[in-house]
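Novice: To start, I am sharing the structure in question, which I have written as structure tokens.
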Amino acid sequence: MKKIIFILPYFGKFNNYFSLFLKSCEYNKDIDWLIITDDHTQYDYPNNVIVKYIEFDELKSLIDNKFGFKTTINRPHKLCDFKPAYGYIFEEYISEYDFWGHCDCDVIFGDIRKFITNELLDKYDKLFCLGHCTLYKNTEEINKVFMNDYKGEKLYKKAYSSDDSFAFDEEYLPDNVNRIFKEYGYRVLEDDYSANVSILHSDFRLVRFDQQTRNYITEKKNRNVFVFNKGTIKRYQKKFHELIITDYMYIHLQR
């Protein structure tokens with residue numbers, strides 16, 4: 001079985017359901033997480049979650065030293081643009097893994113291995129194109145793809161030298177790391193196995209990224225409930241007289 005680790009730098013106070021995030025990690029016993037944070041709150045961290053305590057300014061210095069130029073990270077949220085570079089920035093922590101990824105902590109995971117099979121890992125260099133969860137093959141070549149030229153420029157230098165948010169980590173704006181991977185012929189899985197909750201509605205309707213139109217599509221109002229149970233995320237929908245049950249790799253409770 002291929003070894004996977006997710007890298008999650010987070011600065012400030014974790015959200016009020018962070019313990020549920022950790023519980024969902026615990027059920028995925030054969031996957032590891034590396035959390036880099038300045039929040040010293042005593043959580044019940046499971047054995048597969050490694051915690052490294054570091055101050056935000058220390059991390060900024062580490063990143064500058066890796067790139068050899070002055071980056072602009074004036075607020076923790078700017079780290080989103082750096083997600084594709086985590087395999088390069090934190091390479092000393094991931095040498096024993098076949099794949100590394102980044103994820104957010106406003107998610108609750110289901111059974112990850114049910115969706116990310118060894119067959120998929122054999123087939124793709126990069127899995128998924130959304131910032132809340134993405135996986136990369138852990139090789140020196142793949143970990144530096146984000147540095148490749150795209151449309152005649154180094155997008156990462158542009159993104160990392162500005163305080164603006166570039167959404168470099170996901171398929172949202174036209175210039176992003178996903179386009180670089182595809183431009184150079186790397187194998188990218190663009191399917192979405194997440195329950196991505198709309199921020200504009202209170203009834204847990206989902207948003208999905210449409211590969212054809214390159215737009216986000218929000219579903220219509222429906223009667224549904226999501227359940228986390230013993231390491232699974234299931235959605236129960238009532239349509240007319242039928243109960244429809246759907247499994248998801250994780251639910252993204254954004255905002």
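Novice: Please enumerate the residues belonging to the stretch 159-208 that are over 27 Å from Arg255 (Cβ atoms), in contact with a Phe, Trp or Tyr (Cβ under 8 Å, 6 or more places away or on another chain) and open to solvent by 80 Å² or more (accessible area, probe 1.4 Å).
Specialist: Glu183, Arg187, listed by residue number.
Novice: Going through the stretch 138-158 one residue at a time, which ones are closer than 18 Å to Thr71 by Cα and open to solvent by less than 60 Å² (accessible area, probe 1.4 Å)?
Specialist: Passing the criteria: Phe146, Met147, Asn148, Leu155, Tyr156.
Novice: Still on this model: Does Ile50 fit the bill of being of a type outside the set (Lys, Arg), free of Cβ contacts under 8 Å to residues at least 60 places away in the same chain, closer than 27 Å to Thr139 by Cβ and open to solvent by 10 Å² or more (accessible area, probe 1.4 Å)?
Specialist: yes
Novice: Next up: Only one residue in Cys105, Cys133, Cys80 is in contact with a helix residue (DSSP H, G or I) (Cβ under 6 Å, 6 or more places away or on another chain) and surrounded by 16 or more Cβ atoms within 10 Å (Cβ to Cβ), so which one is that?
Specialist: Exactly one of Cys105, Cys133, Cys80 is in contact with a helix residue (DSSP H, G or I) (Cβ under 6 Å, 6 or more places away or on another chain) and surrounded by 16 or more Cβ atoms within 10 Å (Cβ to Cβ), namely Cys105.
Novice: Which of (1) in contact with a Gly (Cβ under 7 Å, 6 or more places away or on another chain); (2) open to solvent by less than 10 Å² (accessible area, probe 1.4 Å) is the odd one out, the single condition Phe18 does not satisfy?
Specialist: (1)
Novice: List pairs: first residue in the stretch 162-185 and within 21 Å of Asn74 (Cβ to Cβ) and among the hydrophobic types (A, V, I, L, M, F, W, C), second residue modelled with pLDDT of 90 or more and surrounded by fewer than 22 Cβ atoms within 10 Å (Cβ to Cβ) anywhere in the structure, Cβ distance under 6 angstrom, at least six positions apart or on different chains.
Specialist: Hits for this filter: Leu173/Ala167.
Novice: Consider Arg223 against the criteria (1) open to solvent by 70 Å² or more (accessible area, probe 1.4 Å); (2) closer than 18 Å to Glu171 by Cβ; (3) touching a strand residue (DSSP E or B) at 6+ places or on another chain (Cβ under 7 Å): it satisfies all of them except one. Which criterion is unmet?
Specialist: Result: Arg223 fails condition (2) only.
The values are calculated or read from the model by the stated rules, or taken from the named source; none is laboratory data. Here the structure is a predicted model, which means the values were calculated and not measured. Note: ideal-geometry Cβ built from the backbone for every residue, glycine included; neighbour counts use all protein chains shown. All accessible areas refer to the heavy atoms of the entire protein, side chains included, with ligands and DNA or RNA removed. Shrake-Rupley method; radii C 1.70, N 1.55, O 1.52, S 1.80 Å.
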